[in-house]
Every structure is written in C-alpha cells, then in structure tokens.
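The values are calculated or read from the model by the stated rules, or taken from the named source; none is laboratory data. All of these numbers come straight from a predicted model, not from anything done at the bench. For neighbour counting, all protein chains shown are included, and Cβ atoms are generated from backbone atoms with ideal geometry for every residue, glycine included.
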Amino acid sequence: MNRKALWIVLLALGVTYVAGCGSSSNSNNIQVSLIQPPPPGFLAPNAAPVSVTATVTGDSHNAGVTWSCTSTIPANPCGSFNPSATPSGTATMYSAPGVVGGVTITATSVTNTAAFATANVQISTSGGVAGNYSFYVTGLDANNVYSLAGAVTIASDGTLTGEQDYNDAAGITVVGDTITSGILTFDPNAGLGILKLNSTSLGEEVFALNFVNNDHALIVEADGFATSSGSMDLQTLPSTLSGGYSFTLSGTHGGSDEMFVYGGVFSLSGTSLSAGTMDANDGRGGITTGQSFTGTLMAADASGRGTGTLSNTIGGLSNSIVYYIVGPEVIRIIDMDKSDTAIGSAFGQGAGNFTNASIGNSVFSMQSNFAGNLYASVGQVFPSGAIADRANAVQPEGTTGVTNNFNGVADVNEEEVGFLDAQIISGTYSVASNGYGNLMILPAGNFGDVSQLGIYATDPNLNLSDPNNPPSPGGNASALVADLDVNLAGTGVLVPQTDNSTASFAGNYALGFQDFINTGTESGELDFVGNATATATSPTLLTGNGTVSDPFDLLGGASFSLSGSFTSPIVPDGVNLGRYEISPFSVTVDSVTTPIPYLAVAYQASGGQLFWLEDGADDQGSVFNGQIQQQVLPLGGDARKTAAKTTQK
Amino acid sequence: MKRILQGLGFTTLLALALNAAPAYAQTTVATTTSAIPLRYDVSKEVTFSATVQSIPAKSSHGLVATPGLMLQTGSGTVQGRLTQFTLSGKDSLTITAGEHLQVTGVMTTTLQNKQVFLIRTIQMNGRTYAIRNERGFPLGHPARNIVTATESKGGQL
C-alpha cells in the first residue's frame, strides 16, 4: 500500500467510526446518546480501561442504561464494562478484549430497549500503523553472517502477511519464503514494539523495533536464533524502476568466511541494468576498482520483490540477486548465491550530473560486518578546496573532474589494533558526473587503517536512513561508502551535515547499534534498539531504554532478549562542534549484574540524525556503530488525528 | 526459526566449500594497491613456540578488558591476538592455559603504541590451523582450516 492509499484507509476508518456512533429513539421519545465515546482511533488489546458515558433523555423512570458489546469477528470476545449498568450521565469503564478486531459498544435504555446508542472501536496492536513495509537486516546466527530481506503487508489491527528471502554463508538459501501470518505490536507513545513473523520455511522470527515515525522503524532480530540490525520502511511501489542508482553491499564468502564489500553505480531502464561501475574490497580476492558490469532485473511482484542477475561483476556477486523496493529510488538488495551472502541498498541519484560540489559538509559512518577485521568509524568532513570546481565549473566530458580537498575530525575503533578519538583528518575527494567517486584520508596511516573510501553519490533529496521522509533542508548530496582499505573492509554512508548546534540535539530519539565482540575467549554480536530523550539544557543527558538481543549469551543474562536502560551525560566537544562524547554510556541490563561500561561518541548530521560508535577507550574488546534518529510521537498519529478531527464535526 | 534445523550435513558443507573457490576464480579482476601500510605483511611473518600463559577470563557481563592470548616464549611474554572465530562458534579451536603451541604471525604496533602479535596459524596437537588468510582477514571454521606443512612460512622469533 502506498502512502496515499494509507490515508484513504485511515480516512475510511474515521468515517466508519462516526457512522457507527449512532443513536436511536422510540415512540416514548426516549433518546440515548454517547456523550463520552471511547477515545478516537485504536485501543490496544487488554489496554487500560477507558471511561464511556451515555445520557438518556425523555425517560420518566430515569433508569439509565445497560452496556453491551459485540465483536465484528464472530465468537471473539469484545471486552467488558464495570459497572455493566449506569445512571444517565455516569461513566462506566470499558476494558478492551485481548484480541484484535472491531468492537461495537452499545448503551441501551433500561426503560425501553428500543432506544440505544452505539460506537465502534478498533482493537489494534499497531496503533493504526498499516501498509506495505519492506525490511532488511544483517547480523549473526549459528551459521555465521546472514542476510534477510522481505516485505510485509500490515493491517490496521497489526496482523500481517508477506514474503522474505534469507541467505547465509553456510550455504543455506531460502528463496521467496511466504510469511503466512504475524503481528506488529508496539506502544504508540514510545515506538517500542515487537514484530513477529511466521513463515513457511524459516518458522517464527521475532524482531524488536522502534518506530522513528509511521514510515520507518529501526529493527533488531531478537528471537534467540539470531541477532541483527536493520530497517523497516513503508513501501511506495513504482510501475517501473529507472534512472541512476548508487549501491553498496556487505557480505562474506562461504566456507572460509572472508568478508567482502562492493560499491558502485548503475543505471536502470525497465529490466535492463547498464553502465555499471563497481569497486570491491574482497578479503579473499583483493581490492578492485572501476569494474564495469551489466545485469537484468525482472519486474517486481505485488510485494515489491524482484529477482535479477548480474554479469561481469567481481567476486561472489555474479549469480542471482533478489531485491525489494522501498520506493522509486530505494531498493534493498540481497545476494542469493549459495556460495556467499551479502546485503545492501541501492539509492537513486535523482537528476545526477554530479560534481565535486555535490558533496558539502558531511558526516560519515561505516562499519565492518562480523566476519571482517572488526571496526567502526564516524566523523565529519568539510570540503575546502578547488574553488573553481565547487562553483560548478564545466568538466571535460568523460573526466572525473578535479580533485577537491577536505578537512575534518573523526573517530575510529579497530577492535584488534586500537582506537583514535577526535583525530584531525584531511585529504582529497572526487565525484564523477555519474556519482562514482572516492575519498582519500591522507597521509595513509594517519587515521588508523582507514584511508581509501569509495563514495557513490545519491539524490540530494533522499534521506538515506528514512527514505520516505525528506532529508534536513539545506544539504548537498549524500553518498554510500565502501571502505576499500587493504586492512579493513566496511560499508556506510556519508550524509550532509546541516545543523551541528548543540541546542538541536534534543528531544525524543529512536536509537540502535550493532555491537561486534571479540574478547579472545568468546565472540559474537549484540544488537540494541530503543529510544531515548536528549536534554539540551544542563545537565545534558541521554536517558533511555530498549531491547538487547544476545543469543550468544555474551552478557550472561537470563534470556536472549533483555531490557537495557541508561542515563548518560552528553558532553559536546568544545573544539569540534557536532561531535559529542556520550560517556560513560553505561547500559544496565536486566538479570546482568554489572552494567556494560561502554564509552560512546556521536556525530551530528542534524538535530534529527546522529551517528555513533563505541569509543575503543572503554577497552571492552567490542565495536559498535549505529544511528540516533529523532522520533515523531505518538506513532499512529495520522489515524488518531483523522478520527478525532472527524468526530468533532 | 527453523534456519538452524536446516543445517546441512558435513558432506554437503564440504562440497559447498570446495565449490566456492572455483566459482570465485572465474572472475577477471584488476586489482589495485592501497597506499596504507599493510597491517598484516606476510613477508614479515615469524614463527615461534610458546606456552599459553593465560587466556582471557569471562567476566560477569561477558566483556573483558585486554583481550588476547598471553604467550610465554623463551625471550619473554607476547600478547597474541586471535580472531573472533578462533575460540567461538562452529569449528572453533580449544586452547587452554599451559598448552604448548607453535604460532606464525606478524608483530604489529597498535594505535596505542602497544606491541601485539597477530596470529595467522596455530600448530598444536600435531596439526596447523589457519585463523587468518595471508591478507590478515579472519577465517571462519578454523578447525577445518588445516594447513599442510608446505604452506608454513616465516622465520623464527
């Protein structure tokens, strides 16, 4: 369902609500009215009781009303009233049933049962959030690194169906797995919730999630079988895909599990993929840049899922891929070869015709996957040179343009060989008209093992993290990033930095991170998704809670899915505006005796979006990287507003 | 989730592993070199014998400071670095304190100016296991990565 269709459904629900809020009179002129109907919108199953009130006029006996209800689903419970009869104008408390569905509440005159009033209420677990959503995650299960992508159609009561594709490096590939049922439940006032999927081949999967807004959620698989991080986004299905795209993929080879990353650009027209140029950093095969490739993408099905094949690519990306459309300019891609696994995204380039001037002040963030040399890096860069090029000077056809300079500051955490905090960096970058480019941090070795990055420019109007919503105004193009260094491989993003003021880092945020751990004795992955409140006035604090997925029992907790909470100081970097130390970022986890003594650093692209990483100074043998995204609360607000507005008429 | 239950038999896994290399080798690649110094330079490998002095202990929250394998050699103590697959996960190795090993790897200086030894192969109980490839990237399933004698490289510490 696209966004327009979603509005139509929500509007219809509002109209249904009003139509159902009826009354009846009789020859004795007794009239019953619901002067306090149930709250507009949706009630969660077993929600806290709500008060409803009816008045009776024309009743000489003044006998009041009796309360009753029926479910729209035969044999389903509809809830209860306490008390079940009230005098006119006196409230009763309605308790919602434990199951989803529609309920009709009726107040009936005791004196004359022909006089009654009704109201409809929807029992929903998803706050009214509904539509087609695409999701993708990558992380770790018993078979090592895995990739999972899919799409679900979520009804307004939270129930869902869909399909998904799974691939790991151990040769297990599940193609077109039907999601036969499932349910989305979450707290509209916080965004925190659970997505459960039941599918034909993979069985039950459980994801913890936090909605950033109605269109986008951060998700973490948290079912004890696997842990991973990713995104779930509302789909808008185009009739066809076309134009220029940039992409990155991160994966591992089967057998020996060497990590690899790919990045590049291509053009789509119908089913034809052409003008592909890709880079690879392959732990098995080495570093390759500028490889031309082509391919074919078959048309997507009703879920936005399609298949494709690529030709003349590098490494394992040569046989079959599956893609899921998020929107006309956003595609999730999963490599379905049995000999390896990889997953990533392709983003549209809009009008294209990039130059070095397309990249402005930016924040970058990147990370390995679990199979690589574990690291994460986050920083900010400021273009500083080649004035003529920045003024959009015409470049000779077929050239990549002149090289720009930049300076900046960044942090890197390499699990095996240490960390650098607030390292001053500089270097050069270049972007060709097709978006293909590179960024070099120089001199090589000045910023740990991070130096040579492939960058692939995307549409300046795209928000890479939340593609259904626009980026912060005033920014240049974003780019996908592939780390092409000899000692490290990783993928990430480079997004415009439009607001680095400390006052803007305030409010409600959804946040998550993917934590790779290697203590020497044990290793594995933790994933966290939650929410937090950032206060901009002293004391500046980041206070929140969420779900820790720990199927490898790295924390020694009582379960694979744990509750974590934190209250951490936010310390703005007095020298580097936009950089914050969130230290100590001490996470208290239920049933775990000792809080995890993280230190963390965040870089601010805008008040709505920050990227953070674990500061290696905490010496925990772990590396995390993630996002902090400002929330729009309450969730499901569109439905609530529609219903409330209509009711007031 | 049924994915674990779908685990393949060893024979199938072996076949997949054997098939992976030829599939990859079909590609034609134009490799480039990075200006950044090699963290793992195979030409600088050394091999030495050591006794495992200690392995990191698991703390109450699972994360520990100073990860690494402390190795006692004839000339002192060396902090050896294992990959994330070496002691955890499928086909991992078991190493205990007091065990005698022969390790091949490269000494490197961390960003905090500490010396650590990046271990690529471990010889114990008559077998040599590879835990990294020659570029220094971690290798999964080390217990299956048995190195033949002719692949051993490097001088002596």
> Just checking, how many residues over region A:349-365 are in contact with a Pro (Cβ under 9 Å, 6 or more places away or on another chain) and under 11 Å from A:S478 (Cβ atoms)?
Replying inline: 6
> Does region B:74-96 hold any residues that are in a loop (DSSP other than H, G, I, E, B), within 17 Å of B:A50 (Cα to Cα) and within 10 Å of chain A (Cβ to nearest Cβ), and which are they?
Replying inline: B:L82, B:I95
> So A:A169 fits all but one of (1) of a type in the set (A, V, I, L, M, F, W, C); (2) over 19 Å from A:S229 (Cα atoms); (3) in contact (Cβ under 8 Å) with a residue 60 or more places away in the chain; what number is the exception?
Replying inline: (2)
>> Out of A:S377, A:S368, A:S362, I need the residue that is touching a Leu at 6+ places or on another chain (Cβ under 9 Å), within 18 Å of A:A605 (Cα to Cα) and within 13 Å of chain B (Cβ to nearest Cβ). Which one?
In response: A:S377
> Out of region A:503-530, which residues are at pLDDT 95 or above and among the polar types (S, T, N, Q)?
Replying inline: A:S504, A:N508, A:Q514
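Does A:A357 satisfy the condition of being surrounded by fewer than 21 Cβ atoms within 10 Å (Cβ to Cβ) and at pLDDT below 95?
yes
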> Which residues, taken from region B:96-120, are under 10 Å from the mean Cα position of the chain (by Cα) and in contact (Cβ under 8 Å) with a residue 60 or more places away in the chain?
Replying inline: B:G105, B:L118, B:R120
>> Regarding region A:407-423, can at least one residue be identified that is modelled with pLDDT under 95 and farther than 30 Å from B:Q112 by Cα?
In response: no
> Residues of region A:160-174 being at the interface with chain B (Cβ under 10 Å from one of its Cβ atoms), in contact with a Ser or Thr (Cβ under 6 Å, 6 or more places away or on another chain) and not hydrophobic (A, V, I, L, M, F, W, C), which ones?
Replying inline: A:D168
> Is there any pair with a first residue in region B:39-54 that is within 11 Å of chain A (Cβ to nearest Cβ) and a second that is surrounded by fewer than 19 Cβ atoms within 10 Å (Cβ to Cβ) whose Cβ atoms are under 6 Å apart and which are 6 or more apart or on different chains, and what are they?
Replying inline: B:S54/B:M70; B:S54/B:A97
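So, A:A96, is that one touching a residue at least 12 places away in the same chain (Cβ under 8 Å) and either surrounded by fewer than 22 Cβ atoms within 10 Å (Cβ to Cβ) or at positive phi (or both) or not?
No; evaluated as a whole, the condition is false for this residue.
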>> Here is a list: A:T236, A:T248, A:T178. Which entry is surrounded by 19 or more Cβ atoms within 10 Å (Cβ to Cβ), polar (S, T, N, Q) and in contact with a Ser or Thr (Cβ under 6 Å, 6 or more places away or on another chain)?
In response: A:T248
> Do we find a residue being outside any strand (DSSP E or B) and on the phi > 0 side of the Ramachandran plot anywhere in region A:178-185?
Replying inline: no
> Out of region A:286-322, which residues are under 23 Å from the mean Cα position of the chain (by Cα), under 19 Å from A:G171 (Cα atoms) and touching a residue at least 40 places away in the same chain (Cβ under 8 Å)?
Replying inline: A:V322
> For A:S472, which of the numbered conditions (1) hydroxyl-bearing (S, T, Y); (2) modelled with pLDDT of 95 or more; (3) more than 22 Å from A:A280 (Cα to Cα) fails to hold?
Replying inline: (2)
>> Suppose the filter is within 8 Å of chain A (Cβ to nearest Cβ) and modelled with pLDDT of 50 or more; does B:A65 pass it?
In response: yes
> Taking the stated definitions as given, is B:Q79 modelled with pLDDT under 95 and of a type outside the set (D, E)?
Replying inline: yes
> For region A:36-67, how many residues meet the condition of being aliphatic (A, V, I, L, M), within 35 Å of the chain's Cα centre (by Cα), in a strand (DSSP E or B) and crowded, with 19+ Cβ neighbours inside 10 Å?
Replying inline: 1
> Does A:T70 count as free of Cβ contacts under 8 Å to residues at least 24 places away in the same chain and either within 21 Å of A:Q31 (Cβ to Cβ) or not in a loop (DSSP other than H, G, I, E, B) (or both)?
Replying inline: no
> Which residues, counting only those in region A:105-137, are assigned to a loop (DSSP other than H, G, I, E, B) and either of a type in the set (S, T, Y) or without any contact (Cβ under 8 Å) to a residue 40 or more places away in the chain (or both)?
Replying inline: A:T111, A:T113, A:S124, A:T125, A:S126
>> Please go through region A:236-264 and give me each residue that is in contact with a Lys or Arg (Cβ under 9 Å, 6 or more places away or on another chain) and farther than 30 Å from A:G285 by Cα, ordered by number.
In response: A:T236
> Does region A:560-573 hold any residues that are modelled with pLDDT under 95 and away from every other protein chain (no Cβ under 14 Å), and which are they?
Replying inline: A:S563
> Of all the residues that make up region A:142-159, how many are under 20 Å from A:G327 (Cα atoms) and either away from every other protein chain (no Cβ under 14 Å) or of a type in the set (F, W, Y) (or both)?
Replying inline: 6
